[in-house]
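Read through the structure below, which is laid out as structure tokens, and then see the notes.
The values are calculated or read from the model by the stated rules, or taken from the named source; none is laboratory data. Not measured: the values here are computed from a predicted model. Every residue, glycine as well, gets a Cβ built from its backbone with ideal geometry; the counts of neighbours run over all protein chains shown. When the accessible area is computed, the model is the full protein with side chains, heavy atoms only, and any ligands, DNA or RNA have been set aside. Shrake-Rupley method; radii C 1.70, N 1.55, O 1.52, S 1.80 Å.
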Amino acid sequence: EEHGKPLFGVQFNYYYNNPDDSKIFASVGANKPEEDFYTCAWSYLQNTSELVLATAGARGVIRIINAANTNCIKCYPGQGNAINELKFHPLDPNLLASVGKDHLIHLWNIKNDTCIAIFGGVDGHRDEVLSVDFDILGSKIISSGMDHSIKMWTLESELLEETIKKSYEYNPATAEKSFKILHVDEPQFSTRDIHRNYIDCVRWFGNLILSKSCENSIVCWQPTCLTEKLNPDVKKATPLDNLVLVHRFDYNQCDIWYLRFCLDYQQKTLAVGNQVGKVFLWDVENENLSQYRAVILSHPKCSAAIRQISISRDGSCLVYACDDGTVWRWDKKL
């Protein structure tokens, strides 16, 4: 991009019917004087099926943008400080999670413009929350942050399910009172045993969890509270007090933070970029974790830090955004 300023986020759109739209993606960064955008996430409006893009950044305001005409149709300033990541629910396109500098996870209903719940408090994060993800069923949230901790929160409590239901019945235009936000201060699971620095990216990988810090590795692990569905590799893994270490995906030249990895839509490919413009790819479809070997993508003209990677839904295309304002695309040979 011509501005040459850092790009912090890039995301492919997964919501399409026409194969010609499979390569649509968005990038966000520091190219506007009034805002530095750190993250973006795709969804759609259920009543019209229109594509929307949620964006947020340094000012702590979530903007919902109509992708067809680029108009900002909704705006949520409620987080109060910088927002580091946005993530939509995998099954409900109206539910949006946001995390940021206020140490909290917010759950929003974008259909009725309502903040449903806030996760954090006494047993929550003690510093900026950097990353958040829903599991594939949308029943749990995983979060990580500058406090070196990873926390798992359940969405299946009776009280939270009832609050989500009430958010759909609430109409802010006619309601006499503001919506009663549910405060959840106790996570289902918490650990500081995986990493010794800022944890800038965390993702669900089936019933396993992938997380990274500034330590040149992505760690695959599982809380013992989820080990009822163990696969053979987990059974052979290294146990700790409340979790099981499964595997480390090692790479190099990646000791700065806020470089985020990605899993493709099918959870077959894991990708991460480093601070000198190289991408490391692993085929994680292989059941034997010890056989994973990284494929490295590099280009002589790309030497800037890769802030985020995204893979198209069909797995045929990979893009990444860099600190020098460039976006790079790689196509898979068929």
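Assorted remarks:
- Segment 66-90 residues near the modelled Thr48 label - backbone nitrogen below 12 Å, point 7 Å along Cα→Cβ: 66-74
- Using the Cβ of Gly138 as centre and a radius below 10 Å, the other residues enclosed give a net charge of -2, where K and R count +1 and D and E count -1.
- Between Ala68 and Lys301, the simple spin-label model (points 7 angstrom out along Cα→Cβ) gives 3.6 nm.
- Candidate lysines - alpha carbon under 19 Å from Lys180, same-chain residues fewer than 8 apart omitted: Lys111, Lys165, Lys166
- Taking one quarter of the surface of the convex hull spanned by the alpha-carbon atoms of segment 89-158 gives a direction-averaged projected area of 4.7 nm².
- Max mean-square fluctuation residue, GNM over the chain, Cα-Cα springs under 10 Å, options Pro90, Pro33, Pro172: Pro33
- Cβ-Cβ distance of Lys333 and Thr224, R₀ of 45 Å, FRET efficiency by 1/(1 + (r/R0)^6): the value works out to about 0.60.
- Once both labels are positioned 7 Å from their Cα atoms along Cα-to-Cβ, the gap between Glu287 and Asp20 label points is 4.3 nm.
- The spacing between segment 1-80 and segment 171-223, judged by their C-alpha centroids, is 22 Å.
- Between Asn216 and Glu169, the FRET efficiency estimated from the beta carbon spacing at R0 = 45 angstrom works out to 0.40.
- In this structure Asp283 has an accessible area near 90 Å², from a 1.4 Å probe over the protein heavy atoms.
- Remark: spin-label model distance Asp324-Arg196 equals 3.3 nm, labels positioned 7 Å along the Cα→Cβ axis.
- Counting only protein chain heavy atoms and rolling a 1.4 Å probe, the accessible areas of Leu91, Leu281, Leu107 rank, largest first, as Leu91, Leu281, Leu107.
- Only one item in (i) 150; (ii) 141; (iii) 185 matches volume of the Cα convex hull per residue in Å³ derived from the coordinates shown, and that item is (ii).
- HN-Hα J in Hz across segment 78-93 - Karplus 6.51, -1.76, 1.60, θ = phi - 60°, x for Gly and Pro: x, 6, x, 8, 3, 10, 9, 7, 10, 8, 8, 4, x, 10, 10, x
- Of the residues Cys75, Cys302, ranked by 1.4 Å probe accessible area with the largest first, the sequence reads Cys75, Cys302.
- Viscosity 1.306 mPa s, temperature 10 °C, Stokes-Einstein D of segment 11-83 from Kirkwood C-alpha radius, µm²/s: 123 µm²/s
- Note on surface exposure: His183, His247 rank His183, His247 by accessible area, highest first, 1.4 Å probe.
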